[in-house]
1. What are the pairs, 6+ residues apart or on separate chains, where a residue within segment 41-53 that is more than 15 Å from residue 22 (Cβ to Cβ) has its Cβ under 7 Å from a residue that is assigned to a helix (DSSP H, G or I)?
2. Got at least one residue in segment 59-66 being part of a helix (DSSP H, G or I), loosely packed, with under 12 Cβ neighbours inside 10 Å and either modelled with pLDDT of 95 or more or at positive phi (or both)?
3. Could you please find all residues in segment 25-36 being under 14 Å from residue 57 (Cβ atoms) and exposed (fewer than 15 other Cβ atoms within 10 Å of the Cβ)?
4. For segment 6-24: of the residues being surrounded by 14 or more Cβ atoms within 10 Å (Cβ to Cβ), touching a residue at least 12 places away in the same chain (Cβ under 8 Å) and closer than 16 Å to residue 60 by Cα, which is nearest to the chain's Cα centre (by Cα)?
């Protein structure tokens with residue numbers, strides 16, 4: 001279940017993924033790797049700042065030969 005309403009500038013995991021053009025699993029991976037930080041929510045329903053998602057998208061680069069870029 002998603003949040004019914006979020007303050008402006010905040011995104012759920014699925015909305016952050018849509019905004020960055022990646023899968024929700026990629027958002028969770030960015031958090032695990034320290035590229036993106038949560039800005040609140042609960043452990044099961046984190047929220048992220050739009051600016052942080054955009055910065056993470058720019059920072060996330062392919063690290064292995066043959067890995068696709070976004």
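1. Between residues of segment 41-53 that are more than 15 Å from residue 22 (Cβ to Cβ) and residues that are assigned to a helix (DSSP H, G or I), the close pairs are 46/13.
2. no
3. Of everything in segment 25-36, those that are under 14 Å from residue 57 (Cβ atoms) and exposed (fewer than 15 other Cβ atoms within 10 Å of the Cβ) turn out to be 29, 33.
4. The selected residue is 16.
The values are calculated or read from the model by the stated rules, or taken from the named source; none is laboratory data. All values derive from a computational prediction rather than experimental measurement. Here the Cβ is made from the backbone with ideal geometry for all residues, glycine too, and neighbour counts use every protein chain on show.
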